[in-house]
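Presented below is the structure to which this report refers.
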Amino acid sequence: MKTRKFLMVSTALATLTFATSAAEGASTYASIFGGVSYMPKQNIKGTSFTRTTTTIAYRSKESIDTSFKTGYVVGGNFGIDWGDFRTELEVAYRENTSGKKGRLTTHFSYAYQTANHKPGTFYTISTRNSSVPTDIRLRAYSLMANAWYDFHDLQLPAGITPYVGGGIGLAQVGIDGSINNHKIFQKDDVVFAWQAGAGASLPIAEQTSLFFDYRYFAADSAGLFLEPGFHGGHVKANFDSHSVLVGLRFNL
């Protein structure tokens, strides 16, 4: 179902971006880019274990606070240049891995079973904090519809053209690796994503420009499952990153 939704929205974004590509005065271009991705410290929360008897349900909820190393992003796009505005469809891949240590917090609680055999209010038994080894990889495939405004009127030296803009779309976020030496196997989730940024382009050939830009990318509240060391636990993870990119744009 998620794959079908991803494909349906992909088709819709492509149609929205390129439906008017044949309009008079518009030109097309393609770009490739890559760069570094910085992810702020993450707090990944979830329920890792629930066990139920005939009268009592026991539950442990865990969260892991960990920093992430500088990662990378690669991608490309196909777009339409309308003069001062550009619209484009972009695909990209981002990946960041965690540091070697994280702070694992575990809350143990219990609840009495109700008449309909469902747990009632959970009461905390104890809380445990510990520093544990982490080897987590967060990654995101994204499909974005972007719009950029080029400041051609500034007439900067060497034909440098600043621009600002952003986009919306979908990201398929995944997690894998290990926490506290428990191996985890990812199950991806497709969530709404957005980005905003600014940069500048510099012509280096008749039909080619070099560009540099900064982007903030956000794909929040991905619902992920940890298997098998965390007993099928459900977690929420955000993929928020700051990226510095360099790329080439080719006029077609």
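The values are calculated or read from the model by the stated rules, or taken from the named source; none is laboratory data. Because the structure is a prediction, the values reported are computed rather than measured. Here Cβ is always computed from backbone atoms with ideal geometry, including for glycine, and neighbour counts include all displayed protein chains.
Any residue at all in the stretch 55-72 that is on the phi > 0 side of the Ramachandran plot and surrounded by fewer than 16 Cβ atoms within 10 Å (Cβ to Cβ)? Looking for residues that are on the phi > 0 side of the Ramachandran plot and surrounded by fewer than 16 Cβ atoms within 10 Å (Cβ to Cβ), one finds none in the stretch 55-72, hence no. Considering the conditions (1) part of a strand (DSSP E or B); (2) surrounded by fewer than 19 Cβ atoms within 10 Å (Cβ to Cβ); (3) modelled with pLDDT of 80 or more, Pro40 is excluded by exactly one of them, (1). Considering the stretch 158-218, the qualifying strands (runs of 3 or more DSSP E), each wholly inside and each with 2 or more residues that are within 17 Å of Asn238 (Cβ to Cβ), run over 161-179, 189-205.
Each row is one residue, and each column tells you yes or no for (1) buried (at least 20 other Cβ atoms within 10 Å of the Cβ); (2) farther than 30 Å from Asp150 by Cβ; (3) at pLDDT 80 or above; (4) of a type in the set (Val, Ile, Thr).
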residue	(1), (2), (3), (4)
Gln186	no, yes, no, no
Ala198	no, no, yes, no
Leu224	yes, yes, no, no
His234	no, yes, no, no
Phe250	no, no, yes, no
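Evaluate the stretch 101-112: report whether one residue or more is at pLDDT 80 or above, exposed (fewer than 14 other Cβ atoms within 10 Å of the Cβ) and closer than 19 Å to Thr70 by Cα. Checked the stretch 101-112: at least one residue is at pLDDT 80 or above, exposed (fewer than 14 other Cβ atoms within 10 Å of the Cβ) and closer than 19 Å to Thr70 by Cα.
Hey, among Ala26, Ala19, Ala30, which residue is modelled with pLDDT under 75 and closer than 30 Å to Leu252 by Cα? Walk me through it before giving the result.
Working: Ala26 fails: modelled with pLDDT under 75; Ala30 fails: modelled with pLDDT under 75.
Answer to the selection: Ala19.
Checked against the criteria, Asn146 does not count as loosely packed, with under 14 Cβ neighbours inside 10 Å and in contact with a strand residue (DSSP E or B) (Cβ under 8 Å, 6 or more places away or on another chain). Just one of the numbered conditions (1) over 30 Å from Gly223 (Cα atoms); (2) at pLDDT 85 or above is not true of Val191: (1).
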